[in-house]
Amino acid sequence: MSTSHPAETDADAESDSSRESFTGQGLPRVEDHRILTGEAEYIHDITPENCLHMALVRSMHAHADIVSIDTEEAEAHPDCELVLTAEDIKSEYNPMPTGVGRIATGEDGEPAALPEWALADEKVRFVGEPVVAVVASDRYAAEDIADLVDVEYEAMDAVADGMAAREDEVVLHESVGSNVVDNERLEFGDPDAAFEDADHVVEGEYTWGRISGVPLETAGAVATYDEESDSFDIDCNIQLHTLVDNMIYETLGYEADDVRVNVPADVGGSYGTKIGIHRYCCLTSMASQQLERPVKFEEDRLENLQGGDMHSSDREYQMRMAVDDDGTMRGLDVWFVDDFGAYPRYPINQVLKPLSVLTNSYEIDDVTYEYDLVLTNKTSQTAYRGFGVDPHIYALEMIVDEAARTLDMDPTEFRRRNLIRPEQMPYTLPSKNLYDSGDYPATLDRIEEIIADERDGGLLDPDVVAAKREEGKYRGVQPSVIIEPGASGSDWTDRQRTDKEDLADRSRDEVEELPEHLRAEIREDGSIHAFLATDSSGQGHQTLVSQLLADELEVLPSDIEVGYLDSVDAPTEYGSAASRMAVMLSGATVGVAERLLANVEELAADHWDVSTDDVTYHDGTVDRLGGDGSLSLAEIAELDAETNAAGERRTRVSYNYDHPATDLEEFDEALTQKFPVYPTAAFGANAPIVEVDVNTGSVEILTFHTVRDCGTMLNPMIVEGQAHGGIAQGIGAALLEEFGYEEDGQPQAITLFDYLLPSIENVPEIEMEHTETPSPFTETGAKGVGEGGMIDAPASIATSINAALDPLSVEEPASQIPVAPDHLRKKLRESEQ
Amino acid sequence: MSTDSTDGAAERPTEEITVIVNGEPVTAEVEPRLKLSDFLRYECDLHGVRVGCEHGVCGACTVQQDGRSTKSCLSYAVQADGAEIETVEGLAEEETDSLHPIQEAFHETHALQCGFCTSGFVMATKELLEENPDPTREEIEEGLADNICRCTGYQNIYEAVERAADAMED
Ligand code: FES
Ligand code: FES
């Protein structure tokens, strides 16, 4: 176990390890130089010649009919190039595709129309919804012109609470007739029997406030329509550009090949959230087509926070747990409402992903899982790091704490008794996903040892704790073991669009899991170029691929350059999501390298007119066995160019690494039923030591202990960086962040003064240890790490707050995320009475 | 809002200013409402100046004005008339293409992920270390509390600052 990573300079790292593996080393990133010198090109930096700029007129009402739009004055402004309203775009383009269709059905049983136009049509449904787009020579002028547009509204009652919206007193979409657009109840095992037989049934209600990734870089899009080819070129910092590009080309009414979406190599953070920004691509494309000039839109922070299509999960949970006197968890009953805002989008899958970690690290066979997916007058949801797993783990850990209290049992002992044991691996969950490998009890033991040290002269020393209590400061910690499901496929994400009867008859052969694509080529100067089919936003994919490819090809990472493919050149793949890339890209890199080496040996053998058995590759050279002759990679690339036409070059290869679940029988049942399949289960135990000031209700995290296992660590520096960042976001979620709304649907957090992001003052020292239990299911043994921290920190902070306040018998102090001071103060006051 | 050009048809008032940017004087006709951040990004083509919030919270736009860290989104270009501005582009040794010790330290300690906040952090660190070449963790916390990084969780940023401090002392 180590807590540090090697951080030599690139040159040192390269030479130190000559012919030792680069994989597994904390190689500094190749992405950094351009970023550090200000040369990186983010979307905000891309402005083609002759480019115009767009600004949006956005709704200030949460729910209102649009009575009229007067654009005359705007159009008369000398700098005005174009004004677009819903009427203009409806005559030429399509609505943006929506995400559900199973419950939201009309009378004939067909999916009800729930059209979402890129500009509000006839009525507005959330504050910040774009109503009019204006285009001018620059953004300053565009905003002047936007101010001249006069929209007359007739305000209506709004609903901004997920539970209340279920009553359908205010209905957002008349065509659907109800705000509940999806509902599903799933039963695994025999929960009725479990709840009947158990000694106790424990209940709790938990709220997960609306939070999100809030990347420092806002969304942006630059579209250029080319009349000659009748096609579009779009630069945008959208995430998963090869998967969600249909939201753009379908809206424009074009074929996929006519709409080229290109993501800049540098994206200023996404954390999942930028998969939902297609509206901007659509609007700039439409404007560009009308004007035959490039059009750019750069979202500002106020737009981003209120109407930027970037909020995430917003849930009310009702949890029940059946337990026996001896501390056995017998049954679990999960019920929740997720408030999706005004339109259901692709992230409806967030309500299903928790099935992949349904019982977290515990063995519970009998489970019910039910949700209502509800629309309200809030901005629409998108994905966010964790994709809906974070609230589930939080609510589950809360009911576990409550059960321990009911049983009067030490919460750690209660957890330990129910942990899945290493001899049960791979372990099949009731919901049919598998945990690949790991020793959960040992991980809990290790974190307990760490806390024991803190109790002995450290932050939790009994004398210190007692003295602090005198000051009204309560310290505590409550560890738990938490799973991060990694490397999603995609087939299951259609579950909510699939008819239930069709699902019942589905066969294994109908399942399609998405591979990951990688290309590589050797250039005539001997350099190697690889191309990713995915976008990235700070995860170091270029470094990862160059490091692994260097090992496979026995060259230096600096001999390798890694670039990106746009949505037309890249096959439609799944890309950067769901803690997927380390697993998928490392698998693809191994595959691409094998293919390349085989071809290189063949080319050399052909050249010498010998069999491939008579040549051997090492360190960037092919030798002819017997000693006479060797060819460098540069020479081989030249030979290839001489003998093969461009389209048939053998020094250019591509490879698709199949999703690890594709051929594993163990996953057949989950795949057939379209349950979420995540073949890797990174895991870890957290022990954040918290201090609650009972006078103010504020919570400080004194230190954050964590023991983590993500299988083979390909680049420990990046692994730790991902965990640090995830934990920081988890701390923000647990204590600070929330998109609050007034009852009438007015957003309360529209600046970064209201939506509080954790600063260096809120994030404590993170004490991290690693274990490495390789995954038996993946090529390199790696497991996903992209979402960890955000998935597990909120639950762990909440359990630690419960522990800290245990002596005061406050009822469920952390029953609401974020555990904001006002909320906690109220709870503390109530407990005093 | 930010802008790339001001070449519209409308009559808009402008003023002439001269700002010393990374050692070079730049003279331009600008609208009084042009933000300093936009002036640097678009008139001076210094894209290392990043705009994350335009209301003074995130610190991505931090540059040095007359030797002090300042959030360039919070002032107008006309207010910088006559001032000396240093941006992240002014740090690396151009001839040798070698990074400034602060940049080097951020690279070595993986103190950046998406990098959108990084120029702001580097410039804030520069001021911090100029005033206090050997800061404690508390002093680093205080010195960088005006900048937000959404990716790194700050731990590696502490390490970067400490490493840079060591390197600059030698
Ligand atoms: S852009 Fe200036 S502080 Fe955020
Ligand atoms: S590195 Fe992404 S915001 Fe700091």
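The values are calculated or read from the model by the stated rules, or taken from the named source; none is laboratory data. Only a predicted model underlies this, so the values are computations on that prediction, with no experimental measurement involved. Please note: Cβ atoms are built from the backbone with ideal geometry, for glycine as well, and neighbour counts cover all protein chains shown. We work out accessible area using only protein heavy atoms, side chains counted, and drop any ligands, DNA or RNA first. Shrake-Rupley method; radii C 1.70, N 1.55, O 1.52, S 1.80 Å.
Brief remarks on what is shown
- Residues of the stretch A:13-38 satisfying the condition of being surrounded by 15 or more Cβ atoms within 10 Å (Cβ to Cβ), at pLDDT 80 or above and either out of contact with any Gly (no Cβ under 8 Å at 6 or more places or on another chain) or outside any loop (DSSP other than H, G, I, E, B) (or both): A:22, A:23, A:24, A:25, A:26, A:27, A:28, A:30, A:32, A:33, A:35, A:36
- Within the stretch B:117-136, the set of residues being more than 20 Å from residue B:46 (Cα to Cα) and not charged (D, E, K, R) comprises B:128, B:129, B:132, B:133, B:135, B:136.
- Selection of the stretch A:534-561 for residues being under 25 Å from residue A:641 (Cα atoms), open to solvent by less than 20 Å² (accessible area, probe 1.4 Å) and not in a helix (DSSP H, G or I) yields A:555, A:560.
- The condition of being over 19 Å from the mean Cα position of the chain (by Cα) and at pLDDT 90 or above holds for only one of A:543, A:589, that being A:589.
- Selection of the stretch A:645-686 for residues being hydrophobic (A, V, I, L, M, F, W, C), buried (at least 24 other Cβ atoms within 10 Å of the Cβ) and touching a strand residue (DSSP E or B) at 6+ places or on another chain (Cβ under 7 Å) yields A:667, A:681, A:682, A:683, A:685.
For (1) out of contact with any Cys (no Cβ under 9 Å at 6 or more places or on another chain); (2) at pLDDT 95 or above; (3) away from ligand 1 (no atom under 15 Å from the Cβ); (4) more than 11 Å from chain A (Cβ to nearest Cβ), each residue gets a yes or a no:
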position: B:5; (1), (2), (3), (4): no, no, yes, no
position: B:11; (1), (2), (3), (4): yes, no, yes, no
position: B:21; (1), (2), (3), (4): no, yes, yes, yes
position: B:26; (1), (2), (3), (4): no, yes, yes, yes
position: B:35; (1), (2), (3), (4): no, yes, no, no
position: B:40; (1), (2), (3), (4): no, yes, no, no
position: B:65; (1), (2), (3), (4): yes, yes, no, yes
position: B:72; (1), (2), (3), (4): no, yes, no, yes
position: B:78; (1), (2), (3), (4): yes, yes, yes, yes
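- Selected residue (criterion: farthest from the chain's Cα centre (by Cα)) from residues of the stretch B:32-60 that are surrounded by fewer than 19 Cβ atoms within 10 Å (Cβ to Cβ) and without any contact (Cβ under 8 Å) to a residue 40 or more places away in the chain: B:55
- Any hit, the stretch A:721-744, residues being touching a residue at least 40 places away in the same chain (Cβ under 8 Å), of a type in the set (S, T, N, Q) and within 16 Å of ligand 2 (Cβ to nearest atom): yes
- Pair list, Cβ under 7 Å, 6 or more apart: the stretch B:103-123 residue more than 7 Å from chain A (Cβ to nearest Cβ), other residue of a type in the set (D, E, K, R) and not in a loop (DSSP other than H, G, I, E, B): B:105/B:163; B:111/B:159
- Residue match in the stretch A:698-716 (condition: under 30 Å from residue A:159 (Cα atoms), away from ligand 2 (no atom under 16 Å from the Cβ), of a type in the set (D, E, K, R) and surrounded by fewer than 18 Cβ atoms within 10 Å (Cβ to Cβ)): no
- Matching option when the condition is within 13 Å of chain A (Cβ to nearest Cβ) and more than 11 Å from ligand 1 (Cβ to nearest atom), among B:86, B:54, B:130: B:86
- Considering A:769, A:761, A:743, A:779, the condition of being in contact with a strand residue (DSSP E or B) (Cβ under 6 Å, 6 or more places away or on another chain) and among the charged types (D, E, K, R) is satisfied by A:769 alone.
- Residues of the stretch A:388-423 that are under 13 Å from residue A:798 (Cα atoms) and among the charged types (D, E, K, R): A:390, A:397, A:401, A:402.
- Of the residues in the stretch A:640-647, at least one is over 30 Å from the mean Cα position of the chain (by Cα), closer than 23 Å to residue A:593 by Cα and not in a helix (DSSP H, G or I).
- Within the stretch B:137-153, restricting attention to residues that are buried (at least 20 other Cβ atoms within 10 Å of the Cβ) and farther than 21 Å from residue B:99 by Cβ, the residue that is nearest to the other protein chains (Cβ to nearest Cβ) is B:153.
- The stretch A:563-609: number of residues that are touching a strand residue (DSSP E or B) at 6+ places or on another chain (Cβ under 6 Å), surrounded by fewer than 24 Cβ atoms within 10 Å (Cβ to Cβ) and within 21 Å of residue A:641 (Cα to Cα): 5
- Annotation note: of A:763, A:785, the sole residue that is of a type in the set (A, V, I, L, M), at pLDDT below 95, touching a helix residue (DSSP H, G or I) at 6+ places or on another chain (Cβ under 9 Å) and closer than 30 Å to residue A:383 by Cβ is A:785.
- In the stretch A:180-215, the residue that is farthest from ligand 1 (Cβ to nearest atom) out of those that are in contact with a helix residue (DSSP H, G or I) (Cβ under 9 Å, 6 or more places away or on another chain) and closer than 29 Å to residue A:299 by Cα is A:208.
- Restricting attention to the stretch B:42-51 and to residues that are within 10 Å of another protein chain (Cβ to nearest Cβ) and either assigned to a helix (DSSP H, G or I) or touching a helix residue (DSSP H, G or I) at 6+ places or on another chain (Cβ under 8 Å) (or both), the residue that is nearest to ligand 2 (Cβ to nearest atom) turns out to be B:50.
- When the residues of the stretch B:154-170 are filtered to those that are in contact (Cβ under 8 Å) with a residue 60 or more places away in the chain and over 26 Å from residue A:704 (Cβ atoms), the one that is farthest from the other protein chains (Cβ to nearest Cβ) is B:168.
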